[in-house]
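The following block contains the structure, expressed as structure tokens.
The values are calculated or read from the model by the stated rules, or taken from the named source; none is laboratory data. None of the values given here were measured: they were computed from a predicted structure. Note that each Cβ is placed from the backbone with ideal geometry, even for glycine, and that neighbours are counted across all protein chains shown.
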Amino acid sequence: MYDVQFHSSAFESFDASEGLLGVNLERFEEVLKLAKKGDLVQMTFDTSTSKLVIHIDGVEFTMACIDPDSIRQEPQLPEMDLPISFTIDEAQISRGVKAADMVSDHIRFRCDEATQTVYVEAEGDTDDVSLELTSDEIDSLVPAEGNALFSLDYVKDLSREFPKSGSIALTFGQDWPMMMEYELADGECDVLAMLAPRIQTD
């Protein structure tokens with residue numbers, strides 16, 4: 001689950017009233033690929049036709065919107081008191097994900113409160129891997145005992161969107177979802193990604 005918020009200052013100009021639009025993300029992404037780096041993208045919602053008009057460097061694209069009532073309602077972000085949190089450089093997370101991908105299709109995040117160390121681990125049929133993250137690699141660690149297992153495919157998909165050389169704040173608990181928070185566009189965009197754990201049964 002993603003919750004992405006753009007600050008009004010992220011736009012060259014911004015004029016809008018409160019409202020809700022439904023957009024086909026795959027189609028929207030195709031249109032935005034018409035823009036080159038540095039191009040301005042102008043978007044206007046035509047209330048008479050319920051269509052989104054997109055201008056990119058002389059190209060005008062009119063996209064039909066989707067009735068928001070016809071879209072499955074997204075769940076509300078749950079209120080959770082997750083006990084473990086830390087901030088780390090994107091490169092370290094990507095390193096752990098790459099190592100885990102060599103041996104398994106699952107990845108575990110574990111915190112040892114006594115040593116104030118976070119581990120990124122994966123167990124395969126024959127091989128195991130563990131990345132130890134100490135206070136030298138971690139910023140603002142709030143430690144507690146706990147670990148959670150996640151689908152590596154989902155973690156890889158989420159990590160591909162992390163800003164290169166950026167800071168990623170992660171929060172999790174024993175068999176609880178993980179929250180991943182980071183900024184884009186020089187702090188003008190706040191991203192919160194939530195990933196549900198894979199619950200192991202005996």
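L40 versus (1) touching a strand residue (DSSP E or B) at 6+ places or on another chain (Cβ under 7 Å); (2) loosely packed, with under 13 Cβ neighbours inside 10 Å: which is the lone unmet condition?
In the conditions (1) touching a strand residue (DSSP E or B) at 6+ places or on another chain (Cβ under 7 Å); (2) loosely packed, with under 13 Cβ neighbours inside 10 Å, L40 misses (1) alone.
Could we say that G166 is within 20 Å of the chain's Cα centre (by Cα), surrounded by fewer than 18 Cβ atoms within 10 Å (Cβ to Cβ) and either under 16 Å from L82 (Cα atoms) or small (G, A, S) (or both) here?
Working: within 20 Å of the chain's Cα centre (by Cα): yes; surrounded by fewer than 18 Cβ atoms within 10 Å (Cβ to Cβ): yes; either under 16 Å from L82 (Cα atoms) or small (G, A, S) (or both): yes.
Answer is yes for this residue.
Select, from D57, D81, D15, the only residue that is of a type outside the set (S, T, N, Q), modelled with pLDDT under 90 and over 26 Å from G166 (Cα atoms). Walk me through it before giving the result.
Details: D57 fails: modelled with pLDDT under 90; D81 fails: over 26 Å from G166 (Cα atoms).
Result of the check over D57, D81, D15: D15.
Here's another thing I want to ask about it. Quick check, is L149 crowded, with 18+ Cβ neighbours inside 10 Å, farther than 19 Å from S167 by Cα and without any contact (Cβ under 8 Å) to a residue 60 or more places away in the chain? Before the answer, list the steps.
On the way: crowded, with 18+ Cβ neighbours inside 10 Å: yes; farther than 19 Å from S167 by Cα: yes; without any contact (Cβ under 8 Å) to a residue 60 or more places away in the chain: yes.
Criteria met by L149.
Evaluate the range 65-79: report whether one residue or more is closer than 26 Å to I199 by Cα, among the acidic types (D, E) and free of Cβ contacts under 8 Å to residues at least 24 places away in the same chain. Show your work before the answer.
At the first step, the residues of the range 65-79 found to be closer than 26 Å to I199 by Cα are 72-79.
Checking the rest, the ones that are also among the acidic types (D, E) come to 74, 79.
Now narrow it down to the ones that are free of Cβ contacts under 8 Å to residues at least 24 places away in the same chain: 79.
Yes: one or more hits.
Would you check which residues across the range 114-131 are of a type outside the set (A, V, I, L, M, F, W, C) and surrounded by 13 or more Cβ atoms within 10 Å (Cβ to Cβ) and list them? Show your work before the answer.
Kept after step one, since they are of a type outside the set (A, V, I, L, M, F, W, C), are these residues of the range 114-131: 115-117, 119, 121, 123-128, 130.
Those that are of a type outside the set (A, V, I, L, M, F, W, C) and surrounded by 13 or more Cβ atoms within 10 Å (Cβ to Cβ): Q116, T117, Y119, E121, E123, G124, S130.
With the structure loaded, tell me whether I93 is closer than 21 Å to D3 by Cα, surrounded by 14 or more Cβ atoms within 10 Å (Cβ to Cβ), at pLDDT 95 or above and in contact with a Phe, Trp or Tyr (Cβ under 8 Å, 6 or more places away or on another chain) or whether it fails that test. Reasoning before the result, please.
Values: closer than 21 Å to D3 by Cα: yes; surrounded by 14 or more Cβ atoms within 10 Å (Cβ to Cβ): yes; at pLDDT 95 or above: no; in contact with a Phe, Trp or Tyr (Cβ under 8 Å, 6 or more places away or on another chain): yes.
It is false that I93 is closer than 21 Å to D3 by Cα, surrounded by 14 or more Cβ atoms within 10 Å (Cβ to Cβ), at pLDDT 95 or above and in contact with a Phe, Trp or Tyr (Cβ under 8 Å, 6 or more places away or on another chain).
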